[in-house]
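Colleague: Can you read through this structure? Questions will come right after.
The values are calculated or read from the model by the stated rules, or taken from the named source; none is laboratory data. This is a predicted model, so every value here is computed, not measured. Every residue, glycine among them, receives a Cβ derived from its backbone with ideal geometry; neighbour counts consider all protein chains shown. All accessible areas refer to the heavy atoms of the entire protein, side chains included, with ligands and DNA or RNA removed. Shrake-Rupley method; radii C 1.70, N 1.55, O 1.52, S 1.80 Å.
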Amino acid sequence: MSAESRISLGNIHQVATVTQFHAGINYFFLYNGSESKHRGMYAGYFLKFWDYGNRLTGIHFYNISPYINLGYQWNGNRLNYDLRLSQTFAIHSWTNLEATQSGTAWFFSPWPRFIPVLPLLSFTIAHHFK
């Protein structure tokens, strides 16, 4: 088992800023027989929070979303490699805009009419210190 968290801050264009925080746990199974337990297949559960903020109007759109992972991780001498498939399955959203309500819904794709289920495939290379 391993705990993981990520934070991301940035401007996506002239007007909007997005702040993201991800945290969760991966459970490893089907180890490849090496000395490190953090190699091989894993499944995990994460929670993601993000704030989409308009810098001109001061309006923020906040979201919390759970997602699951299925992946494979392996370690080199100084680099870790991670191939992961992630699927979001629900979302809770709210805003600081007046006269609005928060809402919760199932969420499998940002474009449900075109692609009802859209997982994210990612490949990460990370440097580690010994």
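Colleague: Which ones in region 36-63 are modelled with pLDDT under 90, open to solvent by less than 70 Å² (accessible area, probe 1.4 Å) and of a type in the set (D, E, K, R)?
Modeller: Arg39
Colleague: Restricting to region 10-35, give me the number of residues that are surrounded by fewer than 10 Cβ atoms within 10 Å (Cβ to Cβ) and at pLDDT 90 or above.
Modeller: Residues meeting the conditions: 1.
Colleague: Show the residue pairs that are 6+ apart or on different chains and have beta-carbon atoms under 9 Å apart, the first residue being within region 95-120 and farther than 26 Å from Asn54 by Cβ, the second being of a type in the set (S, T, N, Q) and in a strand (DSSP E or B).
Modeller: These pairs meet every condition: Phe108/Gln87; Phe108/Thr88; Val117/Gln87; Pro119/Ser86; Pro119/Gln87; Pro119/Thr88.
Colleague: State the number of residues belonging to region 78-89 that are open to solvent by 50 Å² or more (accessible area, probe 1.4 Å) and touching a Gly at 6+ places or on another chain (Cβ under 8 Å).
Modeller: 2
Colleague: Right, here's the next one. I'd like to check something: does region 70-77 contain any residue that is exposed (fewer than 15 other Cβ atoms within 10 Å of the Cβ) and closer than 30 Å to Phe129 by Cβ? Steps first, answer last, please.
Modeller: Narrowing region 70-77 to residues exposed (fewer than 15 other Cβ atoms within 10 Å of the Cβ): 76-77.
Adding the requirement that they be closer than 30 Å to Phe129 by Cβ leaves 76-77.
Yes, region 70-77 contains at least one residue that is exposed (fewer than 15 other Cβ atoms within 10 Å of the Cβ) and closer than 30 Å to Phe129 by Cβ.
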